[in-house]
Amino acid sequence: MVFPVRRRLMGWTIAYLCGVFAAHIIGYSVKWSVFICALSILLGIFRSQHRKSAFLLVCTVMFCVGNCLAGNRLSERDLGTLPKTIITGEVDAIKYGNRVWLKNVVCGEQDIKTHRVLVTLMNGETEQEVCVGQRVNGIGRLFEPETVSNPGGTDERIYALARNYELSGYIQSGWTAEGDEAFSIRERLRRLREKLLNHWRETFGKSSPLFEAILLGDRNNMDDEIVNAMRLTGTIHLLTISGFHVTLLAGMIEALLKKLSLGKKSRFVLETVLLCFFAALTGAAAGTIRAVIMASMRMWAKCRGRRYEPLTALSAAALFMNIYNPIWALDISFQFSFSIVLGILLLRKSVETALNKCPLIRRCPRLRDLLCISFCAQVAAIPMQVMFYGYVSPVSLPMNLAAGTMMPFLMNGGLICAVLSAICPKAKELIAVCVSLPIAIFEKLSLRCAEVGVLRLPAPYSWMIPIMFLAMALCSNAIRFGKGKKKARIAVLLALTVGYTCRFYPIWRYVQLDVGQGDAAVLRHGRQAVLIDVGKANGNEALRYLRHEGLYVDAVILSHLDEDHAGSLKELMDSEIQVKKVILPAGLDENEACGTVLDGLNAAKKAGAEIIRTSAGEQFEVLGIQMEVLAPGEWKKKGDNDYSLVLYTEIESAAFLLTGDSPTSSEKYDIPTCDILKVAHHGSQYATSDAFIQQAQPRIAIISVGLNSYGHPAQRVLDTLEKNGTTVIRTNESGCITLWLGKRKMALQAYHAPSLKPILLAYTR
C-alpha cells in the first residue's frame with residue numbers, strides 16, 4: 001500500500017484509534033507504552049533517512065498515545081452512592097427541565113468527590129427553579145452505569161463517558177439551591193433553543209414535532225409510531241443532526257454569502273462561526289462536530305486555492321475529536337457517523353463510474369449524485385446497522401432518496417417560513433398549511449413502507465467490521481494499493497464469507513440472560529428461538545439479544561406475571577420481531593397483573609399472537625421439543641409465585657428443570673433428576689428446598705439474580721447446592737450464561753469469563 005503525503009494523516013489517525021480500541025479491549029500499560037515509544041524513537045534515529053521508517057515511527061507513537069489517553073480515562077472510575085446520601089454540587093448546565101449536570105460534586109459526609117454527574121431534581125410543592133452556577137444540596141443517590149453483560153448489550157459507561165460524565169442519579173424533593181446565576185453561553189443557547197421550539201409549535205401546529213427533530217434534533221414530542229416507522233425504513237438519521245443537515249445548511253449559507261461583497265477569508269470566518277453556532281445550538285453531537293470540521297476544512301481549502309481532500313479532512317476530524325475525548329471513538333453515534341462518511345468517500349467514484357454507463361442518469365447529474373451518495377451511505381451503514389440493530393430495511397434506499405429530495409425543501413423552507421411567520425404573524429395559518437403537506441406525505445409514506453418489514457440478520461463478529469471496510473477500500477479508487485490487490489480482495493471476501501457463515505450454524509443453545517434482579521432466558525436452535533420470561537420493564541436485554549443474534553421467536557413462555565419476569569413483554573411486542581405464541585399458566589388472572597404486564601398482554605393480543613394457557617400434567621411443543629408442565633396444579637388463592645410454571649424438557653444430551661419463581665410450598669410434584677436446574681426465585685430462602693435439590697440432583701445450577709435487598713441468593717440454597725456437588729453459576733457474577741448443547745457433550749460459556757473459550761463439560765447423560 002502506498003500512502004501519499006496527503007494521506008499520512010489517515011495512517012496516523014488509524015494508529016491512534018487502534019490504540020484507543022486496544023485500551024478498551026485488552027487494557028493499557030503506561031510503562032509498556034513509554035518503552036515502545038522510546039524504542040521506536042531510537043529505531044527512527046538510526047533510520048531517519050527512510051520515509052517509511054518515519055511514518056511507522058509516528059504511527060507507533062500515535063498508537064501508544066491513544067492507548068494511554070483512553071486507558072487512563074477508562075481506569076478512572078467514580079463509585080456510586082448508597083440511598084439517602086447527601087449530594088452537593090454546582091449546576092454546570094441544564095439539559096432540560098429538572099435534568100441537570102452538576103460539577104464539583106461532594107457525596108456524603110466523607111467528602112467523596114466525583115467528576116461531572118447527571119441528576120434529576122425531584123420536584124415537590126416548594127422547589128424553586130434552579131439556575132446555572134447555583135449550589136444544589138439534597139438527599140439522593142448516584143448510580144454507576146451498567147456494564148455490558150449480554151451479547152448485543154449497550155455499554156452505558158461508554159455512552160456516559162463520551163458525553164463527559166459517568167454517574168447519574170436523582171436528588172429527592174426538598175433540595176435547596178443557593179447562590180446567584182452565573183453567565184453561561186450554553187444556558188443562553190438552551191433558552192434560545194426553547195424559544196425557537198415554542199415558536200415553531202405555534203407556527204407549524206401538528207407538523208411541529210417532525211420539524212423540531214429535523215431542524216434542531218429535538219424529538220421529545222414525536223409520536224412513537226412515527227419514530228419506529230422511520231427506524232424500520234432507515235430514515236431515523238434525519239431526526240439526529242448530522243452531516244446531512246450541516247451540508248445543506250452550509251450550502252445555503254455559502255449561497256447567501258456569495259451575494260455579499262465579502263472577501264474569501266471573511267466568508268470563511270463568518271460561515272465557520274455560523275456552523276459552529278448551529279452545532280452548539282443543536283447539542284454538538286459527534287456527527288455534527290465531524291461535519292462542521294470537514295465543512296470548515298473544505299472552505300479553508302477553497303479560500304487558499306488548494307485541493308480539498310475529504311479523506312484527509314475526515315482523518316483530521318476523527319483525530320482532533322478523539323484527542324479532546326478519546327472515548328468518543330468507542331461511542332455508537334461516532335462509529336455510525338464516521339463509518340457512513342468513510343463508505344461514501346471510498347465507494348463514490350466506483351459507483352459514479354457504474355451509474356454513468358446509464359445514459360438517462362448521466363444526463364441528470366443531480367439525480368446521479370443523489371443516487372450515488374444514497375447507495376454508498378446505505379452500503380456503508382449495513383455493517384453497523386446489522387451489528388447494533390440486527391436488521392436491514394429493503395425500502396431504505398428508496399426512502400432515503402425520497403428524504404434526500406424533500407430535506408432541502410423542509411430545512412430551507414422551514415427556516416424561511418419560521419422567519420416569515422415572525423415578520424407577518426397573520427400568515428401563520430397559511431404557512432402551516434403549506435409546510436404541513438409534505439410532512440404529512442412523508443409520515444404516511446413512512447408508516448406504509450414500515451409495513452413491508454425488515455430483513456433480520458445476525459450481527460457479524462466484531463473483527464469483521466474493520467475487514468468489511470478494508471473490503472470497501474479494496475474496491476475503491478480513493479486509496480492506491482500496490483500489487484496483489486485482486487488477491488487481497490479475494491482473500492478478504494473469503495474471510496468475510498466463511499466468518500459470517502459460522503453465525504448460521506444450527507446448534508442447540510440455552511442462554512440465561514443477565515437482566516439484573518429479574519429473569520429471562522432464550523432456548524434457541526439455529527435462528528429459531530423460544531423466550532422463557534422476558535425480564536423487567538424498560539430493560540430490553542432480551543430484545544437486544546434477539547436483534548443481535550437475528551432470531552425469530554416461535555413462542556414466549558411466561559412463568560408468571562410478575563413485573564421482573566414479564567415486564568418487558570410490551571417492548572418486545574411493539575418491536576419488529578413477530579411473536580407467534582404466548583404461553584401462560586392456566587390459573588392466572590390477567591387483570592391482577594401490574595399495568596406494564598397487562599399492557600404487554602394486550603399488545604400481544606393486538607399483534608395476533610396466540611394465547612395458550614397450560615397447567616400441570618399437560619405438554620406442549622416448541623421448536624420440535626416437548627415441554628412437560630409439572631406445576632402449578634392447584635388454583636387456590638395464593639401469591640403469584642405459587643402459580644409459577646415449572647417445566648421439564650430434554651434437549652440433546654441435557655435435561656432441564658425450569659422453575660420460575662416457584663416456592664417450596666408448591667414443590668408437591670414428582671421432581672425428576674436433571675442436568676441443568678434454573679434455580680427458583682433468584683435463589684430465595686423460601687424456594688428450592690434441600691429435599692428438592694437432593695431429588696433433582698442437578699449438575700449445573702443457574703441463578704438469575706441482580707442487586708437486591710432481599711438477600712438473594714440465600715446462603716442456605718448455595719450451601720445445599722455445594723454439598724450436592726452442583727456447579728453454581730450466577731448472572732450477577734458471570735453475566736450472560738450460554739450452554740452449547742451437543743449430542744454427547746455440553747459446553748458452558750460465561751460472558752465475563754476470564755477466557756473466551758467455552759468450558760467443555762465432559763459428562764453425558
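Please treat every number below as a calculation from the coordinates, not as lab data. Everything numeric in this text was worked out from a predicted model, so none of it was measured. Heads up, the Cβs are rebuilt from the backbone with ideal geometry, glycines too, and the neighbour counts pull from every protein chain shown.
Tabulated results
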item	result
Net lengthening on full extension, residue 586/residue 224 (0.36 nm per residue, minus Cα-Cα)	127.0 nm
The chain: DSSP helices with Cα axial extent of at least 30 Å and average Kyte-Doolittle hydropathy no lower than 0.0	51-75, 332-355, 365-389, 396-423, 428-450
Segments 464-472, 16-24 sorted - mean Cβ within 10 Å per residue, highest first	16-24, 464-472
Label-to-label distance, nm, for residues given as residue 265 and residue 364 (7 Å Cα→Cβ offset)	4.4 nm
Spacing of the two label points (7 Å from each Cα toward its C-beta) at residue 36 and residue 247, in nm	3.5 nm
Per-pair calculated FRET efficiency, R0 = 35 Å: residue 82 and residue 273 via Cβ, rounded to 0.05	0.15
Residue-count net charge about residue 168 - beta-carbon cut-off 12 Å; Lys, Arg +1, Asp, Glu -1	+1
Net charge dipole size for region 85-183 [Lys, Arg +1 and Asp, Glu -1 on Cβ; Debye, nearest 20]	280 debye
Net length gained if the chain between residue 491 and residue 469 were fully extended (0.36 nm per residue, minus Cα distance)	6.5 nm
Local electrostatic count at residue 577 - Lys and Arg +1, Asp and Glu -1, tallied over other residues with Cβ under 9 Å	+1
Packing-based ranking, highest mean first, of 562-569, 319-326 given that Cβ atoms within 10 Å are counted	562-569, 319-326
Cα gyration tensor category, rounded, prolate or oblate, for region 148-193 with a/c compared to 1.5	oblate
Simple label model, 7 Å out from Cα along Cβ direction - residue 95 to residue 131, nm	2.4 nm
Fully extended contour minus Cα-Cα distance, from residue 745 to residue 164, at 0.36 nm per residue	204.4 nm
Rounded if a/c under 1.5, otherwise prolate or oblate - region 524-621, Cα gyration tensor axes	oblate
Residue among 490, 22, 154 farthest towards the positive dipole end of the chain, charges placed on Cβ	490
Sequence of 26, 651 once ranked by neighbouring C-beta atoms within 10 Å, starting from the fewest	26, 651
Unit charges on C-beta of K, R, D, E only; dipole of the chain, Debye	5720 debye
Ranked by how many other beta carbons lie within 10 Å on average, peptides 549-561, 687-699 from highest	549-561, 687-699
Candidate values (i) 216; (ii) 170; (iii) 180, label of the one derived for volume of the Cα convex hull per residue in Å³	(i)
FRET efficiency, residue 502 to residue 613 (Cβ-Cβ, R0 45 Å, nearest 0.05)	0.70
Positive minus negative residues near residue 267 (Lys, Arg vs Asp, Glu; Cβ under 12 Å)	+3
Point-charge dipole on Cβ atoms (K/R +1, D/E -1) for region 508-761, about Cα centre, debye to 20	720 debye
Cα gyration tensor category, rounded, prolate or oblate, for region 508-761 with a/c compared to 1.5	rounded
Cβ-Cβ FRET estimate between residue 437 and residue 181, R0 fixed at 41 Å, reported to 0.05	0.40
Listed residues 379, 208, 553: farthest to the positive end of the dipole of the chain (Cβ charges)	379
